[in-house]
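Visitor: Have a look at this one.
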Amino acid sequence: MTGRLLASVPTAGAPTATEATRRFSWSRAREVSANQLFLVPVALVFVVLLVVPLTQTFYWSLTDFSGYSADAKFVGLSNYGKVLTDPSMLAGLGFTLAYTIGTAVLITAFAIPLAVVLNKKFFARNLVRSVFFFPAVPSIAILGLVWGYILSPLGSGVLNSVLDSLFGAGPYPWLSDATLARLSVIVVAVWGGMGWHAVLYLAYLQSIPADYYEVATIDGASARQQFVHITLPLLTPAIVISNFLLMTGGLKVFDLPFTLTKGGPGYSTYTITQSIITSGVAQGRYGLASALAVLFTFAVGLVAVAQLWVSRRIERRVL
Amino acid sequence: MKLRSILAALTALVMLAGCGGSGGSGGGDGKLTFFSWDNEETMRPVIAKFEEQNPGVKVEFSNAPPVAEYISTLQSRILSGTAADVFVIAAENKTNLINGKHVVDLKDKPFLANVPDFNKTTYSGPDGAVYGLSVASWGAGVLYNQDLLAKVGATSVPKTWDEFLALCKKLKDAGITPYLESVQAMSTPLAAFLGAQNAAAGNQMDSKIFDGSAKFTDYWVEPLTQWSRLWQEGLVTRSVTGLTGDQVRTEFSNGRTAMIVAGPWDVPGVRKEAPKLKIAMAPIPGIAGGKPYLAGAASPGYAINAKAKNKEAAEKFLAFLDTPEAMALYQKATGAITVTKDFQPQLDEALTPIVSDVRAGNVYLPQIAWKRAEDILNVEATAQLQLLVQGKATPEQVAAALDTKLASTS
């Protein structure tokens, strides 16, 4: 405030208006260009690692490139036609969508209450917090292998033998039945991601001033009312970020379903990324895999933009 | 001052890099690059011996684990022109390597004389050229727990599939899990049925399917039907589709199942987990009058890069690789069933019933025998077999799905 006032007071010996503007613009330009200089490495990395490969992928998607020889024939849009009619790729699309929506909804539904509980003071709180955070530490591929043993469909599988000794039930074909396999993959993903997202919510929860709750308590609001009218609205930015990460991560998922079920039984837990990797690398169909990758990039982009648009509107309405 | 110190550092770096570079190109015949899918521990003794015998040559070794990672690494190196002089050619990339003219024809090389025809044909082109030196083979059959078999009075292994199923029934009635197999890849019994059928038909089955004069439905329906009896007749749980090969082996080692399908690589693991178990391996019993047969294939071969910088040393290296000396070192490290004529591998006695067939090349694996689109068909076949095991597809539908897939790739 003082700065602006001082600047508006004309002083003796001050440069004329035009001179001031010119000098101002020069220094400003220098400042801007200095700032932008910092962007050069980032832009370079962006172009080299993202724009170039994406353009190349688009180019290869129009050819019959095998990955082994650079002289590929131009085949127009036929790769796109093949992708859109291949049953395994369509199955991959279906499960990827189910996985993305399923994990996003379930993780959000579990992580918020978990964060609220972890935010309260209780004995060994830090220990409990780290226990829930733990699944986010090891690689998902390792979790997949471990869960593969837990969910083994045989009677000797960990979960099946527990169920048998407790209730005399089972054995259940956790990873062998199409529906159960889909569910199992999603449940393991929720188990693995819940703690991490709870920590994200926890960070936002801690930024909510305690006064709000004090005032609400004085006004006689119940715990449920406090949660619905204070906590949830103030967590909206966290919900937006968490869901954005869940949606983009879910669409790109590969490691967990692959290590748990290899995409089976049949194509029931096949993912789009598995499709891209299998057809591109092992099967020497780079052109086809590129076409799938291009469509997939567009789809992810669309979902991301749509999600941001919707969440902005929600945020604006709530806050 | 600052600039000078930076310059000094740069000069030092350049000199260091120069030293590293000149070190490799020192001796007479120079440097040979070798890209393998076996790890360094396996290949190091072989390479050391080769370098000892060829003082002028220094082997620069690199590797990537099989299969997908190896294939993709080799693929990108070939495309960028930086592939090694000698590399591994496998069933998964042979068509692409051969069609792209990335590998040298070894047909007339003297070292190939030591290798059985089966291993040569596996890596051969349409014109009789041979592109890989394959020094080992593998065969997979049924691994029997002889103690559990004895419990139901079985003293010998079944020769026909009907006998095998009857044995399964007997074991099941005695409260023993009779048999397990992981259905996450091509089925071993199915491959063996098809192999026996192919051998009986003069090895023409796949040529006919791929030249369009026959269909998968002509050959596959009966083997699929016989294989699926395991589930149709309730002898094995349909849950097996979710099992990995390791899980199956653990069940067997713990004495919880009497028979599994297994390859030579499973035997050391079983020995380690259950040293006291009495085990034996045997070919898969035959169907419809066919003989017992093994699923299996020639191991990946060593190929010479068409653009190799040191072709002479590459040939020397391949010639060395199938000498008895090199084979002894390789066999010790891998336990593989080697096939070269002048070396007798030392193998676990449980493998005795299958060794002569494997070494003679009496083994069959569809994805190796297929003429093109191997991996595309293999992925489709695996998914279809899982549906068949689940009872969600019929043998006719599975075979027809393969025909459809093959048609879509041409």
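The values are calculated or read from the model by the stated rules, or taken from the named source; none is laboratory data. As the structure is a prediction and not an experimental result, all values here were calculated from the model. We place every Cβ from the backbone using ideal geometry, glycine too, and count neighbours over all the protein chains shown. Quick note on the areas: whole protein, heavy atoms, side chains included, nothing else; ligands and nucleic acids left out. Shrake-Rupley method; radii C 1.70, N 1.55, O 1.52, S 1.80 Å.
Visitor: Counting Lys and Arg as +1 and Asp and Glu as -1, each charge on the Cβ, what is the dipole of chain A about the Cα centre in debye, to the nearest 20?
Guide: The dipole magnitude comes to about 720 debye.
Visitor: Okay, next question. Quick one: ranking B:THR160, B:THR82 by accessible area, 1.4 Å probe, largest first, what do you get? Let's see the in-between values first.
Guide: Details: B:THR160 55, B:THR82 85 Å².
Greatest to least solvent exposure: B:THR82, B:THR160.
Visitor: Can I ask one more? Can you compute the modelled spin-label distance between B:ARG256 and B:GLU396, with each label point 7 Å from Cα toward Cβ, in nm?
Guide: Roughly 3.9 nm, to one decimal.
Visitor: Another question, if that's okay. Applying 1/(1 + (r/R0)^6) with R0 = 35 Å to the Cβ-Cβ distance of B:ASP127 and A:VAL48, what FRET efficiency is obtained, to the nearest 0.05?
Guide: Rounded to the nearest 0.05, the efficiency is 0.25.
Visitor: Give the residues of the range B:248-282 whose amide nitrogen is closer than 11 Å to a point set 7 Å from the Cα of B:ALA174 in the direction of its Cβ.
Guide: Only B:258 pass the distance filter.
Visitor: Still on this structure, please answer the following. Magnitude of the Cβ-charge dipole of the range A:93-270, K/R +1 and D/E -1, about the Cα centre, nearest 20 debye? Mind dumping the intermediate values first?
Guide: Details: 8 positive and 6 negative charges, 33 e Å.
For this selection, approximately 160 debye.
Visitor: Still on this structure, I have one more. Which percent of the Cα-Cα distances in the range B:272-388 go past 20 Å? Before the final figure, lay out the partial values.
Guide: Working: 4213 of 6786 pairs.
Considering the range B:272-388, 62 percent of its Cα-Cα pairs are separated by more than 20 Å.
Visitor: So if we plug the beta-carbon distance of A:THR85 and A:LEU232 into 1/(1 + (r/R0)^6) with R0 = 60 Å, what FRET efficiency do we get, rounded to 0.05?
Guide: 0.85
Visitor: Length gain on complete extension for the stretch A:TYR149 to A:LEU302, per 0.36 nm per residue less the alpha carbon to alpha carbon distance?
Guide: The A:TYR149-A:LEU302 span can extend by a further 51.4 nm.
Visitor: In addition: Give me the base-10 log of I(q)/I(0) for chain B at each q in 0.13 Å⁻¹, Debye formula, one uniform scatterer per Cα, rounded to two decimals.
Guide: Taken in order of the listed q values, log10 I(q)/I(0) reads -1.13.
Visitor: Just round it to a whole percent: the fraction of Cα-Cα distances in the range A:208-319 exceeding 22 Å.
Guide: That fraction is 55 percent.
Visitor: Report the label-to-label distance for A:GLN225 and B:ASP218 in nanometres (one decimal), using points 7 Å from each Cα along the Cα→Cβ vector.
Guide: Taking the simple label geometry, A:GLN225 and B:ASP218 are separated by 8.1 nm.
Visitor: Quick check: the distance between the Cα centres of the range A:215-253 and the range B:159-217, to the nearest angstrom?
Guide: Centre-to-centre (Cα) distance: 57 Å.
Visitor: Okay, moving on. Run the accessible area of the protein assembly as shown with a 1.4 Å probe and give the carbon-and-sulfur part as a rounded percent.
Guide: 63
Visitor: In square angstrom, rounded to the nearest 10, how much accessible surface does A:ILE186 have for a 1.4 Å probe?
Guide: Spelled out: A:ILE186, probe radius 1.4 Å, area about 20 Å².
Visitor: Check each of the chymotrypsin sites (Phe, Trp or Tyr not before Pro) in the range A:117-185 and keep only those in coil by DSSP with at most 16 other C-beta atoms within 10 angstrom; list them in order.
Guide: A:PHE122, A:PHE123
Visitor: Most mobile of A:SER61, A:SER290, A:SER176 per a Gaussian network model of chain A (Cα springs, under 10 Å)?
Guide: Highest fluctuation of the listed residues: A:SER176.
Visitor: Mind checking which of B:GLY255, B:GLY56, B:GLY100 has the largest fluctuation in a GNM of chain B, springs on alpha carbons under 10 Å?
Guide: Its mean-square fluctuation being the largest, the pick is B:GLY100.
Visitor: Using a loss threshold of 50 Å², tell me which positions in the range A:264-283 are less accessible in the complex than in their chain alone. Probe radius 1.4 Å, ligands and nucleic acids ignored.
Guide: Residues passing the criterion (a loss of at least 50 Å², heavy atoms only) are A:GLY266, A:TYR267, A:VAL281, A:ALA282, A:GLN283.
Visitor: If you don't mind, there's one more thing I want to ask. Taking a ≥ b ≥ c as the square roots of the Cα gyration tensor eigenvalues, with a/c under 1.5 meaning rounded and otherwise prolate when a/b beats b/c, else oblate, which class fits chain A? Walk me through the numbers before you get to the answer.
Guide: Values: a/c = 2.84, a/b = 1.22, b/c = 2.33.
Oblate shape, in that a/c is at least 1.5 and b/c is the bigger or equal ratio.
Visitor: Test of understanding: what is the full-extension gain from A:PHE133 to A:ILE218, defined as 0.36 nm times their sequence separation minus their Cα-Cα distance?
Guide: 27.2 nm
Visitor: Taking the Cα centre of the protein assembly as shown as the origin and placing charges on Cβ (Lys, Arg +1; Asp, Glu -1), which of B:THR82, A:LEU288, A:MET247 is farthest toward the positive end of the dipole?
Guide: Farthest along the dipole direction, towards plus: A:MET247.
Visitor: Quick check: Cα centre of the range A:268-285 to Cα centre of the range B:243-297, how many Å?
Guide: One Cα centre to the other: 30 Å.
Visitor: Compute the relative contact order of the range A:93-270 as a whole-number percentage, counting only Cα pairs closer than 8 Å that sit 6 or more residues apart in sequence.
Guide: For the range A:93-270, the relative contact order is 37 percent.
Visitor: Pick out which of A:ALA169, A:ALA72, A:ALA289 has the largest mean-square fluctuation in a Gaussian network model of chain A, springs linking Cα atoms closer than 10 Å.
Guide: Looking only at A:ALA169, A:ALA72, A:ALA289, the biggest GNM fluctuation is shown by A:ALA169.
Visitor: For the charge dipole of the protein assembly as shown, defined by +1 on Lys and Arg C-beta atoms and -1 on Asp and Glu C-beta atoms about the Cα centroid, which residue among B:GLN184, A:ALA181, B:ILE287 has the Cα displaced farthest towards the positive pole?
Guide: Towards the positive end, the residue furthest out is A:ALA181.
Visitor: How much accessible area per residue does chain A have, in Å², with a 1.4 Å probe?
Guide: Roughly 58 Å² per residue, with all protein chains present.
Visitor: Which value at 222 nm does the protein assembly as shown reach when only helices count, each DSSP H run of 4 or more adding -39,500 (n - 2.57), with the total divided by all residues and rounded to the nearest 500 deg cm²/dmol?
Guide: On the way: 34 runs with 420 residues, N = 729.
It comes out at -18000 deg cm²/dmol, rounded to the nearest 500.
Visitor: Let me ask something else. So what is the accessible area of the range B:88-138 per residue, in Å², with the probe set to 1.4 Å?
Guide: 37
Visitor: Excluding ligands, DNA and RNA, what is the accessible area buried between chains B and A, summed over both sides, using a 1.4 Å probe, to the nearest 100 Å²?
Guide: Protein heavy atoms only, the B-A interface buries about 2600 Å².
Visitor: Another one. Using the Cα centre of chain B as origin and beta-carbon charges of +1 (Lys, Arg) and -1 (Asp, Glu), tell me which of B:PRO275, B:THR382, B:PRO366 is placed farthest towards the positive end of the dipole.
Guide: Among B:PRO275, B:THR382, B:PRO366, the one farthest towards the positive end of the dipole of chain B is B:PRO275.
Visitor: Let's see if you can work this out: charge +1 on each Lys and Arg Cβ, -1 on each Asp and Glu Cβ, no other charges. What is the dipole magnitude of the protein assembly as shown about its Cα centre, in debye to the nearest 20?
Guide: 2100
Visitor: Follow-up. At a Förster radius of 35 Å, what calculated FRET efficiency corresponds to the Cβ-Cβ distance of A:LEU245 and B:GLU69, to the nearest 0.05?
Guide: After rounding to 0.05, the efficiency reads 0.80.
Visitor: Same structure, new question: Using 5 Å bins from zero, what percent of all Cα-Cα pairs in the range A:93-270 falls into each bin?
Guide: 1, 8, 14, 16, 16, 14, 11, 8, 6, 3, 1, 0
Visitor: Using a/c under 1.5 as the rounded threshold, could you call the protein assembly as shown rounded, prolate or oblate? The axes a ≥ b ≥ c are square roots of the C-alpha gyration tensor eigenvalues, and prolate needs a/b larger than b/c, oblate otherwise. Write down the numbers at each step before the final one.
Guide: On the way: a/c = 2.11, a/b = 1.36, b/c = 1.55.
Judged from the Cα gyration tensor, the protein assembly as shown comes out oblate (a/c at least 1.5, b/c at or above a/b).
Visitor: Taking a 24 Å limit on the Cα-Cα distance, which of the listed pairs B:LYS107/B:LYS311; B:LYS309/B:LYS332; B:LYS31/B:LYS371; B:LYS170/B:LYS272; B:LYS208/B:LYS307; B:LYS49/B:LYS101 fall beyond it? Present the calculation step by step, with values, prior to reporting the outcome.
Guide: Numbers: B:LYS107/B:LYS311 15 Å; B:LYS309/B:LYS332 31 Å; B:LYS31/B:LYS371 36 Å; B:LYS170/B:LYS272 29 Å; B:LYS208/B:LYS307 35 Å; B:LYS49/B:LYS101 31 Å.
Result: B:LYS309/B:LYS332; B:LYS31/B:LYS371; B:LYS170/B:LYS272; B:LYS208/B:LYS307; B:LYS49/B:LYS101 exceed 24 Å.
Visitor: Please identify the chymotrypsin sites (Phe, Trp or Tyr not before Pro) of the range B:28-112 that satisfy two criteria: DSSP loop assignment and at most 13 other Cβ atoms within 10 Å. Which are they?
Guide: Here no chymotrypsin sites (Phe, Trp or Tyr not before Pro) fit, given the DSSP loop and packing criteria.
Visitor: Same structure, new question: Which of rounded, prolate, oblate describes the range B:145-257, given a ≥ b ≥ c as roots of the alpha-carbon gyration tensor eigenvalues and a/c under 1.5 marking rounded, otherwise prolate only if a/b is larger than b/c?
Guide: The shape class here is prolate.
Visitor: How far apart, in nanometres, would the label points at B:SER408 and B:ASP147 be if each is projected 7 angstrom from Cα along the Cα-to-Cβ direction?
Guide: 4.9
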